[in-house]
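No lab work stands behind these numbers, since they all come straight from the coordinates. Here the structure is a predicted model, which means the values were calculated and not measured. Please note: Cβ atoms are built from the backbone with ideal geometry, for glycine as well, and neighbour counts cover all protein chains shown.
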Amino acid sequence: MNNISESQSYTAIPPGETIREILKDRGITVEELANRTGISHKCISALLSGKCELNKPIAGKLETALGIGTDFWLNLEAIYRFELKKVKEENNQ
């Protein structure tokens, strides 16, 4: 599933794409991630598709479950939201 938004100058890749790659590399299912984090399967699915904002509490749960720091996740989210805004602006011109 491709949830990447693009314009001529910008590409917005949701943090969920990175999460999806990590899960695949580690052989972890979405359901297992939901169990490890205590986040609902529905919310995990929305996160993977970029429809749910990756906030500090979610980042903390991902850090615990995947061993990758909270700051990493929050930075990915900030970059995604910035790039998504730029894609939308450019595509609406």
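Comparison of Glu77, Glu90, Glu53, Glu83 shows that the only residue that is under 25 Å from Ser5 (Cβ atoms) and in contact with a Pro (Cβ under 9 Å, 6 or more places away or on another chain) is Glu77.
Looking only at helices (runs of 4 or more DSSP H) that lie completely in the stretch 1-89, which have at least 1 residues being touching a His at 6+ places or on another chain (Cβ under 6 Å)?
On the way: elements: 15-26, 30-37, 41-48, 56-66.
So the answer is 30-37.
Test Ile13 against the criterion of being surrounded by 16 or more Cβ atoms within 10 Å (Cβ to Cβ), within 15 Å of Ile79 (Cα to Cα) and among the hydrophobic types (A, V, I, L, M, F, W, C), and give yes or no. Yes, satisfied. Residues of the stretch 64-79 that are surrounded by fewer than 17 Cβ atoms within 10 Å (Cβ to Cβ) and under 16 Å from Arg26 (Cβ atoms): Thr64, Gly67, Ile68, Phe72.
Here Ala59 clears all of (1) surrounded by fewer than 16 Cβ atoms within 10 Å (Cβ to Cβ); (2) without any contact (Cβ under 8 Å) to a residue 60 or more places away in the chain except the condition numbered (1).
Among the residues of the stretch 16-56, those that are over 14 Å from Glu77 (Cα atoms), β-branched (Val, Ile, Thr) and crowded, with 18+ Cβ neighbours inside 10 Å comprise Thr37, Ile39, Ile44.
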